[in-house]
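See below for the structure under consideration.
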Amino acid sequence: MDKWVYEFGDGRAEGSAEMRNLLGGKGANLAEMSSLGLPVPPGFTVTTEVCTYYYDNDKSFPALLTEQVETALATIAQLSGRRFGDDDNPLLMSVRSGARSSMPGMMDTVLNLGLNDKSVETIADQSGDARFAYDSYRRFIQMYSDVVMGLDHHAFEDILESFKHRAGYVLDTDLTADDWKNIVVEYKKLVENELETPFPQDPQDQLWGGIGAVFQSWMAPRAITYRAINNIPANWGTAVNVQSMVFGNMGEDSATGVAFTRNPSTGEKALYGEFLINAQGEDVVAGIRTPQNLTEAARIEAGSDEPSLEAKMPEAFAEFSKICDQLEAHYSDMQDLEFTIQEGKLWMLQTRSGKRTTKAALKIATDLAAEGLISKEEAVLRIDPAALDQLLHPTIDPAAKRNVIAKGLPASPGAASGEIVFTSEEAQDAKAQGRSVVLVRVETSPEDIHGMHAAEGILTARGGMTSHAAVVARGMGKPCVSGASGIRIDLRNETLSVGDKTYQRGDIITVDGTSGQVLEGEIAMLQPELSEDFATLMQWADAARTMAVRTNAETPADARMALSFGAEGIGLCRTEHMFFDGDRIMAMREMILAEDAAGRRAALDKLLPMQTADFTDLFDIMRGKPVTIRLLDPPLHEFLPQSESDMEDVAKALNLSIDKVRQRTRTLHEFNPMLGHRGCRLAVSYPEIADMQARAIFEAAVEAAQKTGAPVTPEIMVPLVSVKPEFDLIKGRIDAVAALVMKERDVEIKYQVGTMVELPRAALQAHRIAETAEFFSFGTNDLTQTTFGISRDDAASFLGPYAAQGLIEQDPFVSLDQDGVGELVRMGAERGRATRADIKLGICGEHGGDPASIIFCQSVGLDYVSCSPYRVPIARLAAAQAALMHRK
Ligand code: PEP
Ligand code: MG
């Protein structure tokens, strides 16, 4: 026999917490609470399978459903001594939705079912409170007509408002029993006039109308949207919970409330919540009356004169507080509860795991582990790694009002306010004067590093999640919104406009790099704070993980920051970022503009001591931890001046003609620079650049080892390799320089030469390349770009509609495309290992800091992930979860 209905109540239940898929979250927990012997009003759950049946069968119900519902109603009658549909001894019911995964406020609820013209009189008599009876009836007519019959609730509210106006009332509580009676007459008239059918008087009709309405609401547009956003499949369906009503509005010894077993903002172990005397649940939510505190402690802290539940109803409070402890221990988690007290008797209406802030989540997880309710591993699994971002950057106060003026990509998390500036020079000047600025650019280039550094936040009109602005801002831990394509930047007039609004240079805006929003004015922020719970949980995470976590860093500040966040080495030092500061850019330009190898060498000689000092610093800071340094990667024109006046400056400084500078810039122009003369191709054309960098690395290794006493084993990485011979050529040069330095310095230097795997051909040929490459680092930014054939800098302008139409699940530059790009990573790892069993494998694309991608890296068996400094804690936690999941 098909079972469609599961009963609960009176210390028993046919369902349990494990049956969430069938009974929905609310139904499964009501059953569980009932089995635990807690006071749950008796009722039954119509399963999610009925919802699926309903939609598969032209919105009809399965054959045996009516019979099973009647049986369940008979059980409730037995337990309560009242009968649903018996006007002389009525039982009122509530009908509520309850999906597998909570969809707050998305679906419909009907309370007080079973009321009609007769039963309302009986209830008035039996309760001795006609006002209560008619108040309940008017609530029911409005709710049912709205939810089931589709009559907008505003029409009812208009009637009530004009009634109050005529009678000179202010509050709903001013209305008498007779007033509500009159309102009920008007409400019923409205239904009849508007819908040409009387308000249903038969409780059976009301019940089936209510059940049907809950199923209908599963396909309401707002529910469909919510499911799309939260990845909830439509075929899960919702269950319907039908439960006998208990009344918190039956006088001064009745109440209704909500509670969390621990504080959901701080995680503190203290009962937290509020209640209202003589009220129904909707009144607490509606905010018409100010709810009171549950405990005396909370009342005193809030400075409230209204009595707490603890003081007002000590017995019911004591029982409730005991149940809270019991449920928390039973579910091993903080619970979010709803309860009602009817004439002094406590009833439990709901329990579920409570939503909480990240700060609270950390405290609750570590406390629960310390209390022995969960293991340390379970505590590690309970925290969402991405949510740690909330702790590491200032964030917009959730209570603050947001005036959103534009939206872009959430390129680098955190939020910052400042004056609009349009150039890096201005940003630097303003910073020097102690002003806060947001740097607004169409897109940024390596020349903007100093401006980005000076600015509090960055906003670009173009560029995706791996654009220059995004990568550099993440590295610096600065909030950045990139690709805000709705903004227009007018550099000549120094304005930023969105639609018909225009902002001037100096106007204050806020960028929220966590949501991608750009907001008008300055907004209240919450400052980051790292608690002891954070440190404890990270310690447990480190004990659980098997992959190492390194960082992408090239400046001493970034390297130190990453170390303080727990980085275990540098996985990617992008050396090009080191050539933009002060004198270096001139020496770099001199090298690029040189006529021949001799001219280049002369310029490189100037760069050598600077590079050596940079690397010595990094090795020194990292104290023997592994450091992977990548040879120069970007196309050379990125280093050349763009504007005419910059070109003139360069010409003057280098004693060249302006024509020469222009001509060289033109020669270096490429149609597709990302697929052009960059990566190891530069070292093939200009081997002296690689020679200089290799020498700087080896000399620095010697210096740092002498200084700190810790041996340094540099890892030198060749970018953008596609064929083995190009790697071998460059490795040959590096080995030669190594031999030379060792001879000159008369020391032994251990080092490794490896490659980035960031082109599909390198992944396909990994077994060959591994014959000579000693490590691989998957550069999944370029690998994504070249596998999809999508430019990483232009993707933002067209990937939006792809995501909106469900053509892609996620931006592949944010979370690794496991089916496509991931296959190449897996193949590269397997083929590399087949040749060289102990080859070291890592990832240094932006995906190295993305939790879902990190889980994938664990499945491929990578040795480490490398990410920007601020993502190191996220990666440590995600790697721990990946290891724990892999173990299961
Ligand atoms: C990559 O391509 O994934 C990478 C790390 O290199 P970059 O982002 O510097 O091109
Ligand atoms: Mg790359």
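The values are calculated or read from the model by the stated rules, or taken from the named source; none is laboratory data. Given the structure is predicted, the values throughout are model-derived calculations rather than measurements. Every residue, glycine among them, receives a Cβ derived from its backbone with ideal geometry; neighbour counts consider all protein chains shown. Just so you know, the surface numbers come from the protein's heavy atoms only, side chains and all, with ligands and any DNA or RNA stripped out. Shrake-Rupley method; radii C 1.70, N 1.55, O 1.52, S 1.80 Å.
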Under unit Cβ charges (Lys, Arg +1; Asp, Glu -1), what dipole magnitude, rounded to 20 debye, does region 5-244 have relative to its Cα centre?
-> 740 debye
Lys181: which lysines have alpha carbons under 30 Å from its alpha carbon, excluding same-chain residues fewer than 8 sequence positions away?
-> Lys118, Lys164, Lys189, Lys345
Taking the Cα centre of the chain as the origin and placing charges on Cβ (Lys, Arg +1; Asp, Glu -1), which of Ala270, Phe856, Thr616 is farthest toward the positive end of the dipole?
-> Thr616
Net charge contributed by nearby residues that have their C-beta within less than 14 Å of Leu607 (K/R +1, D/E -1) | -3
Violations at 19 Å Cα threshold for listed pairs Lys407/Lys501; Lys312/Lys363; Lys376/Lys888; Lys363/Lys401; Lys707/Lys731; Lys26/Lys322 -> Lys312/Lys363; Lys363/Lys401; Lys707/Lys731; Lys26/Lys322
Could you grab the relative contact order for region 394-526? Cα pairs under 8 Å, six or more apart, rounded to a whole percent.
-> 37 percent
CD proxy, 222 nm, the chain: helix-only mean residue ellipticity via -39,500 (n - 2.57) per DSSP H run with n ≥ 4, per residue, nearest 500, stands at -14500 deg cm²/dmol
Phe317 neighbourhood, Cβ < 10 Å, K/R = +1, D/E = -1, net charge -2
Heavy-atom accessible area ranking, 1.4 Å probe, most first, across Arg695, Arg831, Arg589 | Arg831, Arg695, Arg589
Estimated distance in nm for a label pair at Ala318 and His886, the labels positioned 7 Å out from Cα along Cα-to-Cβ | 5.4 nm
Antiparallel bridges, percent of DSSP beta bridges restricted to region 1-155 (to nearest 5) = 90 percent
Dipole magnitude (debye, nearest 20) for region 617-758, charges at Cβ of Lys, Arg, Asp, Glu = 240 debye
Would you rank Thr423, Thr510 by solvent-accessible area, highest first, keeping every protein chain in place and using a 1.4 Å probe?
-> Thr423, Thr510
Extent of region 394-526 along each principal axis, from alpha carbon coordinates, in Å, largest to smallest?
-> 37, 32, 30
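Rounded, prolate or oblate: which fits region 748-795, taking a ≥ b ≥ c as square roots of the Cα gyration tensor eigenvalues, rounded meaning a/c under 1.5, else prolate when a/b beats b/c?
It is oblate, given that a/c is not under 1.5 and a/b is not larger than b/c.
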With a cut-off of at most 13 other beta carbons within 10 Å, and DSSP calling the residue loop, which GluC sites (Glu not before Pro) in region 158-225 qualify? Please list them.
-> Glu196
Please identify the trypsin sites (Lys or Arg not before Pro) of region 227-276 that satisfy two criteria: DSSP loop assignment and at most 16 other Cβ atoms within 10 Å. Which are they?
-> Lys269
Grab the beta carbon distance between Gln504 and Asn235, set R0 = 41 Å, and tell me the FRET efficiency rounded to 0.05.
-> 0.20
For Ala130, what is the net charge nearby, where nearby means another residue's Cβ is under 9 Å from its Cβ and Lys, Arg count +1, Asp, Glu -1?
-> -2
Could you look at the chain and say what percent of its accessible area is carbon and sulfur, using a 1.4 Å probe and all protein chains?
-> 49 percent
Just how much of Trp4 is accessible, in Å², when a 1.4 Å probe is used and the result is rounded to the nearest 10?
-> 30 Å²
Could you order Asp782, Asp794 so the one with the most accessible surface comes first? Probe is 1.4 Å.
-> Asp794, Asp782
Which of the peptides 92-103, 731-742, 23-34, 167-178 is most tightly packed, and how do the rest follow, judged by the mean count of other Cβ atoms within 10 Å per residue?
-> 23-34, 92-103, 731-742, 167-178
Going by a ≥ b ≥ c, the root eigenvalues of the Cα gyration tensor, does region 504-657 fall in the rounded group (a/c under 1.5), the prolate group (a/b larger than b/c) or the oblate group?
-> oblate
Which one of Ser304, Ile323, Gln693 has its Cα pushed farthest toward the positive end of the charge dipole of the chain, where Lys and Arg give +1 and Asp and Glu give -1 at the Cβ?
-> Gln693
Surface accessible to a 1.4 Å probe, per residue, for the residues of region 496-654, Å² | 41 Å²
Multiply the residue gap between Ala399 and Phe671 by 0.36 nm, knock off their C-alpha separation, and tell me the result in nm, one decimal place.
-> 93.1 nm
Row for region 99-172, column shape: gyration tensor on C-alpha, a ≥ b ≥ c, rounded if a/c < 1.5 i.e. under 1.5, prolate if a/b over b/c, else oblate; value oblate
Which FRET efficiency value, to the nearest 0.05, do you get for Asp158 and Arg82 by plugging their Cβ-Cβ distance into 1/(1 + (r/R0)^6) with R0 = 56 Å?
-> 0.95
If every Lys and Arg gets +1 and every Asp and Glu gets -1 at its Cβ, then about the Cα centre region 262-343 yields a dipole, in debye to the nearest 20, of 120 debye
Nonlocal amide H pairs with Gly569, under 5 Å, H built at 1.01 Å | Thr551
Putting +1 on Lys and Arg Cβ atoms and -1 on Asp and Glu Cβ atoms, find which of Gly434, Met313, Leu92 reaches farthest to the positive end of the dipole of the chain.
-> Gly434
Looking at region 492-590, which GluC sites (Glu not before Pro) are DSSP coil and have at most 10 other C-beta atoms within 10 Å of their C-beta?
-> Glu529
